[in-house]
Amino acid sequence: MVNRHFLRQKVLQSLYAYYIGGGQSIEQQEKFMHSNITKLYELEINLFAVILEIRKLEEARIEEAKNKFYPTQEEANPNLRFVNNSFLNALDENEELQKSKEKLHINFSLTSEVLKSLLQRFRQSDSYTDYMKKDDVNFEDDKRIIVQLFKNYIMRNENLYESLCEKGFTWECDYDYVCQVVLQFLKLWQQDDAPQKTLPYPFDKSEEEATENDRDFTRNLFRNTINHSDEYEGYITKCSKNWDRDRLAFIDVLIIKMAMSEFIYCPSIPLRVSLNEYIELSKEFSTEKSRLFVNGVLDRIITELRIDNKIHKTEDDDALCFESTDNDKEAYSHYHSHLE
């Protein structure tokens, strides 16, 4: 479920909390970090459950309309295509989803009005109308309408977002990411997938088959950055001459130290990949100037680490270069001059 870039974000946030918050041990902060990542699975299950709850509300609406004293012909003979949707049947029969829903005791009683409003808007959409009017539909048609329901109505509903995030306070900043994971999973679902189909999970489930599973990746990155902080400090000082160390942004220093941990202690990850990842983190969590500074310092640190024989990669990627626009290169040269 979780890609490595997302995991790096979580490690960086946890390192920042560890240093800024104070009071928590490495073990406590690491446990909290892994707990937050794992809890994303609960949000995922809630999102799947919302889809099925929409069908239940539609079934209830149809039944209520049929039981009127004077139902219309349409109400008395409703179109059941949506409630009989074959893709929804497959989702509802998924064994892992059933067990997880029961374990989490998911209840939408407090959000029923939100979901009813969502359903009403969905039923008024052109995509829903066209789907219900088709002469015949297949599994792909059934899947397509559910993907549209999720993408256009569930993912983008602010009231639903607020209701779900009240259940898990750590979900708020990761909501969009988990929605994208669920959306991609729905799109890739095949008609012949068995009820035992495995749902996306934050960490590798078969850890014994992974050379370096995601949980170990986050743990080692987090711990090595803290345990070798003083050693990394020496490299940063050496490779950022003419910069006042006290004026360097703390988050930039953390990003550089994380990158060094990955350079040294993750031999299976190519240097180019790591370098690009941490430049991207600097863009997301700091400033444009920080991106240039981080890139320049890391370039020099890589050279120093190689001289000290601290980098041992399984792939040869000596051809590291700064890939950007001409304007970026000019700005980079300017900032690089400060490092000399």
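The values are calculated or read from the model by the stated rules, or taken from the named source; none is laboratory data. As the structure is a prediction and not an experimental result, all values here were calculated from the model. In this analysis, Cβ positions are derived from the backbone assuming ideal geometry, glycine residues included, and neighbour counts consider all displayed protein chains. Calculation scope for accessible area: heavy atoms of the full protein, side chains included, ligands and nucleic acids excluded. Shrake-Rupley method; radii C 1.70, N 1.55, O 1.52, S 1.80 Å.
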**Q.** Ranked by how many other beta carbons lie within 10 Å on average, peptides 129-136, 90-97 from highest
**A.** 90-97, 129-136
Q.
Give me the percent relative contact order of the chain, please, defined on Cα pairs under 8 angstrom at least 6 residues apart.
A. 20 percent
Q. Taking only DSSP H segments of four or more residues, each worth -39500 (n - 2.57), what value at 222 nm results for the chain once the sum is divided by all its residues, to the nearest 500 deg cm²/dmol?
A. -21000 deg cm²/dmol
(Q) Which log10 I(q)/I(0) values does the chain give at q = 0.11 Å⁻¹ under the Debye formula, counting every alpha carbon as one identical point scatterer? (A) -0.84
Q.
With a 1.4 Å probe and all protein chains left in place, how much of the accessible area of segment 1-80 comes from carbon and sulfur atoms, in whole percent?
A. 50 percent
Q | Nearest-0.05 FRET efficiency for S35 and M132, computed from C-beta distance (R0 51 Å) | A | 0.75
Q. Which is farthest toward the positive dipole end of segment 45-131 among Y70, Y128, V83, measuring Cα position about the Cα centre, with Cβ charges +1 (Lys, Arg) and -1 (Asp, Glu)?
A. Y70
(Q) If I model a spin label at E93 and D176 as a point 7 Å from the Cα along the Cα→Cβ vector, what separation in nanometres do I get? (A) 3.7 nm
Q: Any chance you could give the angle, 0 to 90 degrees and rounded to 10, that helix 95-104 forms with the longest Cα principal axis of the chain?
A: 80 degrees
Q. For segment 125-219, what is the relative contact order in percent, using Cα pairs closer than 8 Å and at least 6 residues apart in sequence?
A. 21 percent
Q.
Along the charge dipole of segment 128-285, pointing to its positive end and built from +1/-1 on Cβ of Lys, Arg, Asp and Glu, which listed residue (G168, N220, V137) has its Cα farthest out?
A. N220
Q. What pairs from K257/K313; K31/K151; K103/K167 go past 24 Å between their alpha carbons?
A. K31/K151
Q) So if R0 is 22 Å, what FRET efficiency would S109 and N67 give, r being the distance between their Cβ atoms, rounded to the nearest 0.05? A) 0.50
Q: Note down the magnitude of the dipole of segment 44-130 about its Cα centre, charges +1 on Lys and Arg C-beta and -1 on Asp and Glu C-beta and zero elsewhere, to the nearest 20 debye.
A: 200 debye
Q: Compute the acute angle (0 to 90°) between the alpha-carbon long axis of helix 4-21 and the principal axis of greatest extent of the alpha-carbon atoms of the chain; round to the nearest 10°.
A: 70 degrees
Q: Please identify, among L104, L47, L160, the residue showing maximal mean-square fluctuation in a Gaussian network model of the chain using a 10 angstrom Cα cutoff.
A: L104
Q | Surface accessible to a 1.4 Å probe, per residue, for the residues of segment 274-317, Å² | A | 47 Å²
**Q.** Residue among I279, I301, S290 farthest towards the positive dipole end of segment 274-314, charges placed on Cβ
**A.** I301
Q. In degrees from 0 to 90, rounded to the nearest 10, what is the angle of the helix 229-239 Cα long axis to the longest principal axis of the chain?
A. 60 degrees
Q. Cβ under 12 Å from T129's Cβ, T129 left aside: what net charge do those residues give with Lys, Arg +1 and Asp, Glu -1?
A. +2
